[in-house]
Amino acid sequence: MSVSARILKGDQGIAEAVAILRRGEVVGLPTETVYGLAGDAFQPMAAARIFEAKGRPLTDPLIVHLPEVGWLERVTRIESPEQQIQVKQLATAFWPGPLTLILQKHPDLPDLITAGTASVAVRVTAHPLFQKVLRELDSPLAAPSANRFGKISPTTAEDVQIELGDMIPALLDGGACEHGMESTIVAIKEEGFEILRPGPITKEQLSEYGHVFHPSGIVNTPGSLPGHYAPKTELHIFETDIKSYIPPLKAGLLVLRTPDPEVAERYAALEVLSPSGDLREAAANFYGALRRLDNCKVDIIISESLREEGIGVAVMDRMRRAAYGSLNG
Ligand code: TXA
Ligand code: MG
């Protein structure tokens, strides 16, 4: 029998989570984006446990979570008055919420967290349970997504149990995640805001506060590896209309809206991301739908490509990496 993590709930669960974190151990925690695997950012042993549980290379830095913008000075060094203004503007507009900023790291923050780089990724999470844990612990928490390295991100407590249950002592159940998609990562550069990973805060939203651009060269972060978020089953993206396509194998279908019955009956399994065609709803359902299709013993998953506007950019980014990872993993 495989070991499983204890599922913590409510106020008692928060107190237990804090006690475990204080000992330098790790706990699965809900955020508004995806579940994170959290450890005290100031205990290097906790960071080591995170890397070990995920099977994540030590070269891949962790995001540090705060309950409020006032804690920024515990983990970062603001570089200039101009940057101070930009951070304040973005923080006022998007925190607490699904935006991660890359800033200069505070010298006291352990190097393991930032993989030896001079910068640190930080965000103020909006999830009430995560916030309570942070405040009670009174220390920032490092938390990457609570999945095995390269696999599908977890959006429910059950997903965390399946991904990491045998590697972690406990997880706090906060129900399904609101956004279902990891935070937007932004580096503040002289030229403007560089989006290192698209997410729930869209390019359009960021554009109100400055010039926004995507990385010009290769970005050396795993979220930007071509193969990530991958199912075990081969995933193929269909760029054109699926109406006339007859799958050659026992296939699962991932689509935005409910397909015509004559299309649906060609597939052994079907997942509809949003019957009304709403991209935010589709993003929230994406990882769960992919996980379910991956578990229903089809030979291949066919996925319809979505409109690349707003959060659709983030969903297509994950879908492409998932497809690449499924074929090249
Ligand atoms: O929504 C989220 O961001 C979730 C929840 C749990 O907060 N966290 C998350 O963490 O997605 P993770 O570790 O799965 O993805 C973080 C990404 C990685 O691709 C990592 O390489 C990048 O952020 N990253 C971390 N620190 C960085 C830094 N200093 N510079 C550039 N990229 C960094
Ligand atoms: Mg991740």
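Details
- Cα-based Kirkwood hydrodynamic radius, the range 143-271, one decimal, Å: 18.0
- Relative contact order for the range 235-328, counting Cα pairs under 8 Å that sit 6 or more residues apart, in percent: 39
- Antiparallel bridges, percent of DSSP beta bridges restricted to the chain (to nearest 5): 40
- Per residue, the chain exposes an accessible area of 43 Å² to a 1.4 Å probe, with every protein chain left in place.
- For the range 6-213, relative contact order (Cα pairs under 8 Å, six or more residues apart, normalised by length) works out to 30 percent.
- Taking 0.36 nm per residue of separation and subtracting the current Cα-Cα distance, fully stretching the chain between Ser80 and Glu281 would add 68.5 nm.
- Dipole magnitude for the chain: computed about the Cα centre from +1 point charges on Lys and Arg Cβ and -1 point charges on Asp and Glu Cβ, it is near 600 debye.
- The Asp260 and His236 beta-carbon pair, evaluated with R₀ = 22 Å, returns a calculated FRET efficiency of approximately 0.65.
- Pairs of Cα atoms in the range 64-132 fall into 5 Å distance bins, from 0 up to the last occupied one, in shares of 4, 17, 28, 26, 16, 8, 1 percent.
- Label positions at Lys297 and Ala176, each projected 7 Å from the Cα along the C-beta direction, are separated by 2.6 nm.
- Where Rh is the Kirkwood radius over Cα pairs, Rg/Rh for the chain: 0.97
- When the chain is treated as a GNM with alpha-carbon contacts under 10 Å, the residue of Ser244, Ser153, Ser145 showing the greatest mean-square fluctuation is Ser244.
- In a DSSP loop and with at most 11 other Cβ atoms within 10 Å, the GluC sites (Glu not before Pro) in the range 136-227 are Glu190, Glu191, Glu208.
- Val3-Ala268 FRET efficiency (beta carbon distance; Förster radius 35 Å; 0.05 resolution): 0.60
- The chain, accessible surface, carbon-and-sulfur percent (1.4 angstrom probe): 52
- Placing a pseudo-label 7 Å from each Cα along the Cα-to-Cβ vector at Phe149 and His211 gives an inter-label distance of 3.7 nm.
The values are calculated or read from the model by the stated rules, or taken from the named source; none is laboratory data. Being a predicted model, the structure only gives us computed values, none of them experimental. When we count neighbours, we look across all protein chains shown, and the Cβ atoms used for this are built from the backbone with ideal geometry, even at glycine. Calculation scope for accessible area: heavy atoms of the full protein, side chains included, ligands and nucleic acids excluded. Shrake-Rupley method; radii C 1.70, N 1.55, O 1.52, S 1.80 Å.
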